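K.L.:
I have a structure here, written as structure tokens, and I will follow up with some questions on it.
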Amino acid sequence: QVHLVESGGGLVQAGGSLRLSCVASGIIFSRSTMGWYRQAPGKGREWVASMTAGGTTSYLDSVKGRFTISRDNAKNTVFLQMNSLKLEDTAVYYCNAYTWPTEYWGRGTQVTVSS
């Protein structure tokens, strides 16, 4: 059974930082593309960042230069370092694992940025 468990969310002031973590089990983590998505209140879920098994990273334009995705294959963990947080970053952040042909989701962790 696959489990993705996010942690690290919380309340932070604008300009602050948070580091999200997602621990995966039940998948071959080292062969999976890992990603982060988010869903703001009243909006659809949007892709934020991803990292392939080979280490290639991609980012949503609005988070480039502020967010960094990384992974520790030995610990089956993917991270999202979020710096210079803005009010519009407020959302539930979801971990995603893609191992062809299936993708898996975590339950999400709330990030709230206050002014």
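The values are calculated or read from the model by the stated rules, or taken from the named source; none is laboratory data. None of these values were measured; they are calculated from a predicted model. Virtual Cβ from ideal backbone geometry, glycine too; neighbours counted across all protein chains shown. Remember, those area values only see protein heavy atoms, side chains included, never the ligands or the DNA or RNA. Shrake-Rupley method; radii C 1.70, N 1.55, O 1.52, S 1.80 Å.
K.L.:
Test of understanding: among G54, G65, which residue is open to solvent by 70 Å² or more (accessible area, probe 1.4 Å), without any contact (Cβ under 8 Å) to a residue 40 or more places away in the chain and farther than 21 Å from A24 by Cβ?
P.N.:
The match here is G65.
K.L.:
Looking only at region 70-88, count every residue that is farther than 24 Å from A24 by Cα and under 15 Å from the mean Cα position of the chain (by Cα) and tell me the total.
P.N.:
1
K.L.:
Which residues, counting only those in region 85-102, are surrounded by fewer than 18 Cβ atoms within 10 Å (Cβ to Cβ) and either at pLDDT below 95 or of a type in the set (A, V, I, L, M, F, W, C) (or both)?
P.N.:
L87, T99, W100, P101, T102, listed by residue number.
K.L.:
Looking at A97, A53 in this structure, which one is among the aliphatic types (A, V, I, L, M) and not in a strand (DSSP E or B)?
P.N.:
Result of the check over A97, A53: A53.
K.L.:
I would also like to ask the following. Which one is nearest to the chain's Cα centre (by Cα) among residues in region 7-34 that are aliphatic (A, V, I, L, M) and buried (at least 17 other Cβ atoms within 10 Å of the Cβ)?
P.N.:
Within region 7-34, the match that is nearest to the chain's Cα centre (by Cα) is L20.
K.L.:
Condition test on N83, is it in contact (Cβ under 8 Å) with a residue 40 or more places away in the chain, out of contact with any strand residue (DSSP E or B) (no Cβ under 9 Å at 6 or more places or on another chain) and not small (G, A, S)?
P.N.:
no
K.L.:
Let me ask another. Read through the list (1) out of contact with any Phe, Trp or Tyr (no Cβ under 8 Å at 6 or more places or on another chain); (2) assigned to a loop (DSSP other than H, G, I, E, B), then give the number of the only condition that I27 fails.
P.N.:
Here I27 meets the rest and fails (1).
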